[in-house]
Amino acid sequence: MLIEPTAIEGVLILTPQRHGDARGFFSESWNRKRLQEAGINVDFVQDNHSLSERENTLRGLHFQTPPHAQAKLVRCGRGRFLDVAVDIRRGSPTYGQHVSVELSFENGKQLWVPAGFAHGFATREPDTEIIYKCSNYYAPDCDRAIHWDSCGIDWGLTGAPILSDKDSAAPRLEAVDSPFTWEGGP
């Protein structure tokens, strides 16, 4: 598995190796030991699977507050999408900055989104599947959102975004009182 750092410390791109032949391929999409070797000690408790039927579906930017903050390992099951992590740790030298990477079935890449980051994605194709592991259970009382267009992200949309009511009404980044504090590392 190739593990690459990004412009924001702690956010990583993981590319599992694919072993292919005439039948297709086999890939180990997650390995606790490899993540621990990369400094990620996580116990995943929940897997989520999302289908977006239309191109330009935008979900996010979402996060959960402590004590139910979540780290996520995100990958594409089918189609392709732009995946984004925004640093919302107060005091961080990269506060408000983001990392974006295209995840697709073809490229097999995954994005590691630590707790303390808001997460979102925009689909590039119809019938795109997003699959992600979470380090904490969903807790509706801790669920928060930041408005998708308040962080300077070029989503690469080819039309108007398809949004939920929650995402349309989310506050802008500057209006969010983040519960996360940067502690000098990821």
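Looking at 19, 49, 68, just one residue is touching a helix residue (DSSP H, G or I) at 6+ places or on another chain (Cβ under 6 Å) and surrounded by fewer than 19 Cβ atoms within 10 Å (Cβ to Cβ), and that residue is 68. Close Cβ contacts (under 6 Å, 6 or more residues apart or on different chains) running from residues in the stretch 18-38 that are over 21 Å from residue 131 (Cα atoms) to residues that are surrounded by 11 or more Cβ atoms within 10 Å (Cβ to Cβ) and not aromatic (Phe, Trp, Tyr) comprise 38/3.
Of all residues in the stretch 112-151, how many are of a type in the set (Ser, Thr, Tyr), part of a strand (DSSP E or B) and within 22 Å of residue 36 (Cβ to Cβ)? Talk me through it step by step, then tell me what you get.
Step one: filter the stretch 112-151 for residues of a type in the set (Ser, Thr, Tyr), giving 123, 128, 132, 135, 137-138, 150.
Checking the rest, the ones that are also part of a strand (DSSP E or B) come to 123, 128, 132.
Cutting the leftovers down to within 22 Å of residue 36 (Cβ to Cβ) gives us 132.
Residues that pass the stated criteria total 1.
Of the strands (runs of 3 or more DSSP E) lying entirely inside the stretch 1-45, the ones with 1 or more residues being charged (D, E, K, R) and either within 25 Å of residue 118 (Cβ to Cβ) or in contact with an Asp or Glu (Cβ under 9 Å, 6 or more places away or on another chain) (or both) are found at 2-5.
Do we find that residue 99 is surrounded by fewer than 13 Cβ atoms within 10 Å (Cβ to Cβ), at pLDDT 95 or above, among the aliphatic types (A, V, I, L, M) and over 19 Å from residue 129 (Cβ atoms) in this structure? No.
The values are calculated or read from the model by the stated rules, or taken from the named source; none is laboratory data. Keep in mind the model is a prediction, meaning the values are calculated, not measured. Using ideal geometry, Cβ is built from the backbone for each residue, glycine included, and neighbour counts are taken over all protein chains shown.
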